[in-house]
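Report on the following structure.
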Amino acid sequence: MSQLDDLLRDLVVANRILSNEDVVDAYGHISVRHPDNPKRFFLSRSRAPELVERHDLIEFDQEGEPVSDKRQPYLERFIHAAIFEARPDVMAVVHAHAEDTLPFGIIAKPLEPVIHSGSFIGGKVPVWDIRRKFGETDLLVRNMAQGRDLAKCVGKGNVALMRGHGFASAARSIIEVVRLSIYLPRNARVQMNAMLLGGKGGKPKPLSKGEIAARAAGYKPASTETWRAWEYWANRAGCGDMIGHQHDHAPKK
């Protein structure tokens, strides 16, 4: 199989995984940058992630418009287009509405890594408020101007919360963005529970900058540990037969 075939297969698997792990439901989506044309990306047509198949995938241009495909796309495809535009290092983007992350988009207390598997969200997660620049809207990202403003909030980081809406996450590969998007709400649950246990004076102890850096330095994208999680999630989602072999996910030379 070609690198593109591998990526599109993984994109289908990623949709199934994110649904099974309750990161997305009928809404939410994941995209991957075209490996041969960095100004284009792939994203499913407007369909629940759990049901996405290879033929549902659509190629989009850098403005978030379908390339020679008339099927209904996701409305918020501009989130993906704008982040890919702003971040040449990013290969995959997720937009989701995981409920456990939502409180941190509407209170002053920031979401930050408090467990080791949450280290990959970086430091304190920024919150994007569409109202600051675009006034009274339906909170959906409906055009590139809104998408680009969100991308600025993501900045050089991996994730931004969206007030009253959800989050956008970005990473160097499909596996990495899936992992980040699964552990983000888990980290949020732990932080929220710690805050509740601590009462009004509760101050959960977040990971230090050094601990976050050490976790990042020790991470290997093509490691057995990374593959173990991908294989586990895929089998839980009922698509373990689609993931190929570990060497398929090694960086291409």
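Here are some notes:
- Among complete DSSP H helices in the chain, those whose alpha-carbon atoms stretch at least 20 Å along the helix's long axis and whose mean Kyte-Doolittle hydropathy reaches -0.5 are 3-20, 174-198.
- In region 138-229, the chymotrypsin sites (Phe, Trp or Tyr not before Pro) that fall in loop regions by DSSP, at most 15 other Cβ within 10 Å: Tyr219
- For the chain, modelled as a GNM whose springs connect Cα atoms under 10 angstrom apart, the maximal fluctuation among Ser44, Ser223, Ser117 occurs at Ser223.
- What the chain shows is 49 Å² of accessible area per residue, with the surface traced by a 1.4 Å probe over protein heavy atoms.
- Förster radius 25 Å - calculated FRET efficiency between Ala194 and Met242 (Cβ-Cβ, nearest 0.05): 0.10
- Entries in Lys156/Lys220; Lys152/Lys203; Lys109/Lys203; Lys109/Lys133; Lys39/Lys124 that, when Cα-Cα distance is taken, lie over 18 Å: Lys156/Lys220; Lys152/Lys203; Lys109/Lys133; Lys39/Lys124
- Arg131 versus Lys203: modelled label distance in nm, points set 7 Å from Cα along the beta carbon direction: 3.0
- Local charge for Gln62 was computed over the other residues whose Cβ lies under 10 Å away, with Lys and Arg +1 and Asp and Glu -1, and equals -2.
- Length-normalised contact order of region 1-151 in % [C-alpha pairs under 8 Å, at least 6 apart]: 21
- Centroid-to-centroid separation of region 199-243 and region 20-74 [C-alpha atoms, Å]: 24
- Cβ-Cβ distance of Asn143 and Glu99, R₀ of 45 Å, FRET efficiency by 1/(1 + (r/R0)^6): the value works out to about 0.95.
- Computed E for Ala108/Asn235 - FRET, C-beta separation, R0 30 angstrom, nearest 0.05: 0.15
- Range in the chain, longest, excluding exposed GluC sites (Glu not before Pro) [loop by DSSP; at most 15 other beta-carbon atoms within 10 Å]: 137-253
- Here the accessible area of region 62-214 is 55 percent carbon and sulfur, with a 1.4 angstrom probe and all protein chains present.
- Counting only heavy atoms of the protein chains and using a 1.4 Å probe, Asp89 has close to 80 Å² of accessible surface.
- Largest to smallest in accessible area, the residues Arg77, Arg71 fall in the order Arg71, Arg77 (1.4 Å probe, all protein chains included).
The values are calculated or read from the model by the stated rules, or taken from the named source; none is laboratory data. Since the model is a prediction, treat every value here as computed from it, not as a measurement. As a convention, Cβ positions derive from the backbone with ideal geometry for all residues, glycine included, and neighbour counts pool all protein chains shown. With ligands, DNA and RNA removed, areas are computed over all heavy atoms of the protein, side chains included. Shrake-Rupley method; radii C 1.70, N 1.55, O 1.52, S 1.80 Å.
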